[in-house]
Amino acid sequence: MCIRDSINAEYMGTIRELKKKIAERLNLSFYRVALSYENTPLSLDEKKLSEVNINEDATIVYKDLGPQIDWRTVYILEYLGPLLIQPALYYFSGPKHLVQKVAFGLAMFHFIKRILESAFLHVFSKETMPLYGSLRNYVYYWLWFGLGTGVESYFFWKNPKYPSWVIYALAGLFLVFQFLNFQCHKTLASFRKPKANENAESEEVKSRRGIPTGWGFDTVSCANYFWEICIWTTYAVLNRTKTSYAFVLTTIYVLVQWALKRHRRYRKEFDGKEGRPLYPKNRKAIIPFII
């Protein structure tokens, strides 16, 4: 639903206040309401309407975004799937080779780490996402990785005949990439730590960005995505299943799209004008020296 309406005096205040009044008027959840003015989204809720050049005669567009779900909940639920499905498949299958045991342990470590990061580390710029849009996340992790990779790994697996030192070397690489990925997440979260006299729940703090450095960020804008690719590539090489190779290829495709979008946003935001820092021109989006 998308409706145009004019603002009267009682609605003048902050964008958040206006959203609340419209939500009450339409009997909707606050998070289902999106506002825009002259094709520009009104996303910073703490801003006063006067600060974004909106007066009492302005015409805004408000839209019902449909049923919503909390971002943190989405992340925790999608990572929970493999933690429930794969152990069941693992324990009900036959005797295990060392590769299967190590691959299972590494996969469980990854998703436990991601749940803990989602619960305690990540700072989300938006509170919710459309419920319908979250369904593809569950298909991706629950059905594709949890069920698809799990069934092939424990019931139709073919032994790659790796010597034990190769298995442990790949496991070591996997854990190194996990550590680097975690450090990247810590770096990104640090930009959204509230300073003195700042409200940690404000949209401005939650959506704040800086130019990240270290842990791979000096060569690519999305080092966390790069290490994620390394994690799943290492897992696929270790596990040697068709589903794990397909999973890593899909992951690469998705992360490249996200990285290119974020890279463009960084370059636009940090343009070196009006006191803003200039984004390093030699950085790639996700793959060092390539993309």
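The values are calculated or read from the model by the stated rules, or taken from the named source; none is laboratory data. Model, not experiment: these values are computed from the prediction. FYI the Cβ positions are ideal-geometry reconstructions off the backbone, even for glycines, and counts take in every protein chain you see. Just the protein is used for accessible areas: all its heavy atoms, side chains included, with ligands, DNA and RNA removed. Shrake-Rupley method; radii C 1.70, N 1.55, O 1.52, S 1.80 Å.
Examine the stretch 224-247 for a residue that is closer than 13 Å to Ile291 by Cα and either in a helix (DSSP H, G or I) or open to solvent by less than 50 Å² (accessible area, probe 1.4 Å) (or both), and state whether such a residue exists.
Yes: the stretch 224-247 contains one or more residues that are closer than 13 Å to Ile291 by Cα and either in a helix (DSSP H, G or I) or open to solvent by less than 50 Å² (accessible area, probe 1.4 Å) (or both).
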Only one of Ala200, Ala196 that is assigned to a loop (DSSP other than H, G, I, E, B), open to solvent by less than 50 Å² (accessible area, probe 1.4 Å) and at pLDDT below 95: Ala200
The lone exception for Ala88 - which of (1) more than 25 Å from Phe179 (Cβ to Cβ); (2) touching a helix residue (DSSP H, G or I) at 6+ places or on another chain (Cβ under 7 Å); (3) at pLDDT 95 or above it fails: (2)
Residues that are touching a residue at least 60 places away in the same chain (Cβ under 8 Å) and farther than 30 Å from Trp157 by Cβ, drawn from the stretch 58-110: Tyr62, Lys63, Asp64, Leu65, Gly66, Pro67, Gln68, Ile69, Val74
Any hit, the stretch 249-256, residues being more than 16 Å from the chain's Cα centre (by Cα), closer than 21 Å to Arg136 by Cβ and surrounded by fewer than 17 Cβ atoms within 10 Å (Cβ to Cβ): yes
Residues satisfying the stated conditions in the stretch 257-291, i.e. part of a helix (DSSP H, G or I), open to solvent by 30 Å² or more (accessible area, probe 1.4 Å) and of a type in the set (A, V, I, L, M): Leu260
